[in-house]
1. Specify the inter-centroid distance of the range 195-252 and the range 348-377, based on alpha-carbon positions, in whole Å.
2. Using only Cα atoms, tell me the angle between helix 69-81 and the longest principal axis of the chain; keep it within 0 to 90° and round to the nearest 10.
3. With r defined as the distance between the Cβ atoms of S280 and I107 and R0 fixed at 45 Å, what FRET efficiency is calculated, to the nearest 0.05?
4. Exceeding 22 Å between C-alpha atoms, which entries from my cross-link table qualify? They are K2/K49; K109/K189; K64/K236; K109/K173; K109/K169; K49/K149.
5. In Å and whole numbers, how far do the C-alpha atoms of the chain stretch along each principal axis, longest first?
6. Checking the cross-link filter: which lysines have an alpha carbon closer than 23 Å to that of K391, excluding same-chain neighbours under 8 positions apart?
7. Would you work out the charge dipole size for the range 65-224 about its Cα centre, treating the Cβ of every Lys and Arg as +1 and the Cβ of every Asp and Glu as -1, and quote it to the nearest 20 debye?
8. How far apart, in nanometres, would the label points at K236 and T303 be if each is projected 7 angstrom from Cα along the Cα-to-Cβ direction?
Amino acid sequence: MKIHEYQARDLLAEAGVPVPAGRMVQTIDEAELAAKELLHAGHDQVVIKAQVHAGGRGKAGFVKLVGSADEAHEAAKFMLSNRMVSPQTGAEGLEVKRLLVAAAVDIAKEYYLAITIDRTNNTSTMIGSAEGGVEIEAVAEKNPEAIHKMPMHPLLGLEPFQARQLAFKLGFKGKQVGQAVNIMLRLAKLFLDTDASLAEINPLIVTPPTDEYPNGQVLAIDAKFTFDDNALFRHKNIAEMFDPSEENQSELRANQFGLSYVALDGNIGCLVNGAGLAMSTMDIIKLHGGEPANFLDVGGSATEEAVTEAFRIILSDDRVQGVMVNIFGGIMQCDKIARAIVSSAKEVGFKVPLVVRLEGTNVEEARRILEDARREIPSMTTATDLADAAKKVCAAVTVTA
């Protein structure tokens, strides 16, 4: 589960990580008032940032520095009235419903700091780089030596000596070191305490020297968190941060019926039982020149109602020009899938080619059901095996395209 930046900043602040003052607003008037309060509190500038689950906000014009309440009004009006389009959103963009209004700070140096799961080494790992404020993937490609990794102990977490080592590697000096170490240790504890799968501060910054901070102050000015869905029952406060408006609505519908669904960019819908078989199905569709429109695993014990809903979800995607059903009946009985196909044809209707491959438990009964329903589903074709099904659906989509 992802959360918004303003929520991530709140979590950091509660954990003792220093972040600039700010708050979330939902209207233009609230944004203007929040900016006015920050400016009156002595801050020279205020930053207004769109709160969406996508990157590229700055380049898209949805992060703006303002120096007056009137400028804040105009910035908020623009963001709340336009969809944000960036390389991560697609051409349709995202609707902006929330804004973060925060005190702007002067930046002397930017850093990258994050904790994620290193599945190769089976451990949580803190990642740091002195090249913050940019995509870490670009740094890894162009200058991998700039990225430093510190594996965390599975029980002790990040130890103080590790944090100090990383702080020195990143180039922190003087009193900056103690501040950076404090942030690293608090971030590590927050990561473990919340069952997070990603905790990222980008950028972590050092401000120019002041009387109070002769070496500059180390601050977190942008943050991103992702949490393990399977552990949310332990963290009701975090579960309450979930924003359904930022999620794919078809994926939410699927979850309500116990289906595992992920929307993709292709045009061939897939209905499969078992995650491994679903991945193989998508691979063989690609092998024969097609593009999967989704990953959909109905599982081993889905009801006929759930399977019918799965078809509804697949066919609700306007990009779908063909559907492939690939079921290997074990716990999931083939005749149940066959009845769901017939039921879906009556309730939803199949206006695109449908290719069905069934094997396993009750397959003969399933084939009889489908044979009897051919008049009701004229777009349906059966396949003898997985390769045959993939060839037929790819050919059908090519013809209809």
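Values in this text are rule-based calculations from the coordinates and carry no lab data. Note that the structure is a prediction, hence the values are computed from the model and not measured. Virtual Cβ from ideal backbone geometry, glycine too; neighbours counted across all protein chains shown.
1. About 47 Å separates the Cα centre of the range 195-252 from the one of the range 348-377.
2. The two axes meet at around 10 degrees.
3. 0.40
4. Values: K2/K49 17 Å; K109/K189 25 Å; K64/K236 33 Å; K109/K173 12 Å; K109/K169 15 Å; K49/K149 30 Å.
Where the Cα-Cα span goes over 22 Å, the pairs concerned are K109/K189; K64/K236; K49/K149.
5. Reported extents, whole Å, longest axis first: 84, 49, 40.
6. Partners found: K286, K351.
7. Approximately 420 debye in magnitude.
8. Using points 7 Å along Cα→Cβ, the separation is 2.7 nm.
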